[in-house]
Structure formats: structure tokens, C-alpha cells
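Note sheet for the following structure.
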Amino acid sequence: MWGGRFETGPSAALEAINASVDVDKRLYEQDIAGSLAHAEMLAACGIISSDDASRIREGLEAIRADIRAGRFEWSTALEDVHMNIEAALKERIGEAGGRLHTARSRNDQVATDFRLWLREACARAEDGLRRYQVALVDQAEAHADWVMPGFTHLQTAQPVSLGHHLMCWVEAAERDRGRLADARRRMNESPLGAAALAGTAFPIDREMTAKALGFDRPMANSLDAVASRDFALEALSAATIAAVNLSRFADEIVLWCSRRFGFATLTDAFSTGSSIMPQKRNPDAAELVRAKPGSIAGALQGLVIVCKGLPLAYSKDLQEDKAGVFAAFDDLMLAIEAMAGMAADLSFDRDALEIAAGEAYSDATDLADWLVRELGLPFRDAHHVAGAAVKAAERRSLPLAETPLAVFQEIEPRIHDGVFAVLSARASMESRTSYGGTAPDRVREQIAAWRRRFEEDAS
């Protein structure tokens, strides 16, 4: 492609390190879409003839059909997806194929292709997260009044509704969707027409190509158009955070499905066995999701290092931008689909959850709150009394609900038998009626709100 300037071909080492077609050939749909829009614009602006544009369109559509059918032969000697397609086009239609690259460079071409691909990848991830949310809401609705232990420091803290716990991950996923949507919105500007770095002397219409490719507008600075990869960094950042949120729920699934917890089970569809221990049921899908942030965050850090300190405008370092991004979004989609599947697949043990919710004096805060409401104690004094009551009950190996009234009265004489109405896991859960709280009625309100949101999005 640059034979006019060079007398000999590249060394084997240069050819190997320079070729990217094995990675970037997955951009072929975007590359052909960009070329079709570019050719149509060139013809509309009188830069190439309408006949040439028609032949270019027919050639590109035929090449696209061959690639989709697996009939296209990729060549590392032609370096990348762009030159492979351009060479094939010239072979098919002759001289007209050589006119396609008028008023553009591979620099704006690859930047355009990459934005198109990543825009679609973000949208796919958003859609996948929505399916995950729907599965969680379905489970939350079925378990809105099931009580389970809530944890802080992985220690039993206060009883919560299982539905409330599951709805937490719906909220987190919505923020993940928002970050992906924000990244998609900011990247939705067209580099096409920036050419190598300085724009072009041809009278092109960048608004036309931007509109044809679904961009909001052309990028305003030609240097920025070809040199920036912060759109990919932002998308990888959003993907990393989403993967971390998925991994946290995946970790809970691993714990809940263990015999030590016994809160939940997964069917065979999301479990594996052991090569040596026939009794094992391993939640491998959840464990693998738990691990995915490693590779996704690694891709983010890799691209950060590639971009750090690069001078304007384009440098070949930026060829290293795509492999990590492709792999990261592949991993993210696997994680999302696995989590959506497991969210729907989980079944829960109501008795095990309720027993665990009542353990470890999880109703101690309810005792303190009762002392504030009924006896008018300042909360810090009530906290001290409740702590002393827990210590007294613990010495007797009794839960608070079975501790004799006389024991409470030794600590605070004004305590009366009305206190026992609040000393149960279920009473504790049902009492948390503040907005965003775990009371089943509040959980059902949130479920209804999410159902409305799903319906609005679908319409």
C-alpha cells in the first residue's frame, strides 16, 4: 500500500508485530458500513462519480456476504481489516475500488469503526443487564416477605427481606446501565472525515456520514478525532464496575449454596461436579463470574498504559487498543448472561433463612429502638442497655425473645413484657418501614415501581 515510497518489503518480525487482522477482522461489519457511508457521501459531493459509488456499494455488499458466509480469505500481509477489504474491493471492481479511500485515512477509519463497535457492545451489555434485572425482580416479588439475615462485616447484623436483598442488585445494575449509556452517548460522535490528522482539502460533508452511521454529530477537532481513545477507557471503566457488581452477587451465590450457609441451591444447569468427589455440587458459574473483574479491569489498565503520554496525533501504539476491549466486553457479556441465568435459577430454603435471621442477637437494635420509643431513653443509653441485655442472654445461652423479663429488669427496671413483641426476626424486618427500608410493603412498592419502568422502556 506504500510501495511508491519503499523499495523492499517488511522484515518477518515487523510483519508479525504490525499485523492486527486476527484481532480487528471482527470490525468488518462496521468497516463496511463506514465505507458505504463514505462512498455515498463522496458521490453526493461530486468527488467521485455516482457510477463508481454504485460499483463500490455492490462490491462491498458482496464482500460482506462472503465474510458472513465464511468464504473470505484474510491475509496478514495486508495487515488489518481495512486493507484486506480494500484490496478485495479493488480486485473485484478494479479502478473504482481505489477511489474509495479518497478524503479519508486509516486513522479516521479505524477510529470510526471502533466507536461503532463499542457503541453496539455497550448497548448489548445494557440489554443484558436489563434481562438480569427482570430476573431479580421476579425473584424479589416471590420472596418479598421471606426473612433472612442481613450482614455487615459478614457478621449477622439485622434481619432483612430476601426480596429487599435481591432488589439491591437491581439498583446496582441500573447504575451500571447508566454508566454504559453515558459512555455510549459521549462516544457517539463521528471521526470520519478527519483523515490522517488535519482534515481534508476535498469538499466533503461530514454531517452526512455522521447521520448515515447513527452518530449525533461529527467530531469538532480532527486531531482529537483520530488520537482520542478516552471513549474506550470510559466504556472499559463502566464494564469494570459492572463486572465488580456482578462478582459481588456471584460471591453471595457461592456462599449461599454452600452447606455452611444452606440458603439457596442452583440446578444442574449452573452447577458442576468433581472429578474425584462424587458428592460435590460446585457453583462454578458463579465462581467464574466472581473472577471476571480480573480480566476486565486488566484490559482497562492495559489501555490506560497504552494511552499514557502518547503525543498527538495518531501513533501505532493505538493498534493495541482493541484486543483488550474486545476480550473485556466478551467477558462482560458472558458474566451478565450467566448472572441473569443464575438469578432466575436460584431456589431458596425459607426455614434456613429464617432460622439464620434470628441468630446472633439480630434483634438487639430493635430492643434499643423499643427502649427509645417506650421509655424515652436517649439512643446511646438504650444502646448500652441493649448491649448489657445481650451479654446477660448470652451467658444463659438464650435468645433475647426467650430471656426472662426479670433479667431485663435487672438491667433497666422499667422494661415490661411489651418488649417481647419486637424481639423476633420477622418483627424486626416488618418494622423497617422507612422509604428504602426492608419491610415487605416497602419492597413491594419498589417492585411495582420497577415493573412500571420495565413497561415504559418496552413501549
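Quickly rank 264-274, 415-425, 283-293 as a protection proxy: mean count of other C-beta atoms within 10 Å, highest first.
So the order, starting with the most tightly packed, is 283-293, 415-425, 264-274.
Between the amide H of Val160 and those of Met148, Gly150, distances stay under 5 Å, these residues lying 5 or more places away or on another chain, with hydrogens modeled in the peptide plane. Solvent-accessible surface of the stretch 358-457, taken per residue with a 1.4 Å probe and all protein chains present: 55 Å².
Counting DSSP beta bridges with both partners in the chain, what percentage is antiparallel, nearest 5?
Values: 8 of 10 bridges.
Bridges in the chain that DSSP calls antiparallel: roughly 80 percent.
Order His383, His164, His143, most accessible first, counting only protein heavy atoms with a 1.4 angstrom probe. Intermediate results must be reported in sequence, preceding the final value.
Values: His383 100, His164 55, His143 20 Å².
Descending accessible area places them as His383, His164, His143.
Given the convex hull over the Cα atoms of the stretch 84-214, what projected area results after averaging over all orientations, in nm²?
Values: hull surface 51.2 nm².
Approximately 12.8 nm², given one-decimal rounding.
For the chain, what D do you get in µm² per second when you plug the Kirkwood radius from alpha-carbon pairs into Stokes-Einstein at 37 °C and 0.692 mPa s? Write down the numbers at each step before the final one.
Numbers: Rh = 26.3 Å.
Translational D for this selection: 125 µm²/s.
Of the whole protein surface, Ile355 contributes about 110 Å² of accessible area at a 1.4 Å probe radius. On a per residue basis, the stretch 1-155 carries 46 Å² of accessible surface, using protein heavy atoms and a 1.4 Å probe.
Taking every pair of alpha-carbon atoms in the stretch 358-457, give the share separated by more than 21 Å as a whole percent.
Pairs farther apart than 21 Å: 41 percent.
In a simple Cβ point-charge model (Lys, Arg +1; Asp, Glu -1; nothing else charged), the chain has a dipole of about 360 debye relative to its Cα centre. Counting only heavy atoms of the protein chains and using a 1.4 Å probe, Leu154 has close to 110 Å² of accessible surface. From the Cα gyration tensor of the stretch 62-111, with a ≥ b ≥ c the square roots of its eigenvalues, which class applies: rounded if a/c is under 1.5, or else prolate if a/b is larger than b/c, or else oblate? Here the stretch 62-111 falls in the oblate category. Apolar share of the accessible surface for the chain: 51 percent from carbon plus sulfur atoms, 1.4 Å probe. Legend: residue pairs Lys280/Lys322; Lys25/Lys90; Lys90/Lys322, Cα-Cα distance threshold 30 Å; pairs beyond threshold, Lys280/Lys322. Put simply, the amide H of Cys257, placed in the peptide plane, has neighbours under 5 Å in Ala264, leaving out anything fewer than 5 places away on its chain.
The values are calculated or read from the model by the stated rules, or taken from the named source; none is laboratory data. Computed from a predicted model, the values in this text were never measured in an experiment. Cβ: placed from backbone, ideal geometry, glycine included. Neighbour counts: every protein chain shown. To get the accessible areas, we keep the full protein, side chains included, count just its heavy atoms, and leave off ligands, DNA and RNA. Shrake-Rupley method; radii C 1.70, N 1.55, O 1.52, S 1.80 Å.
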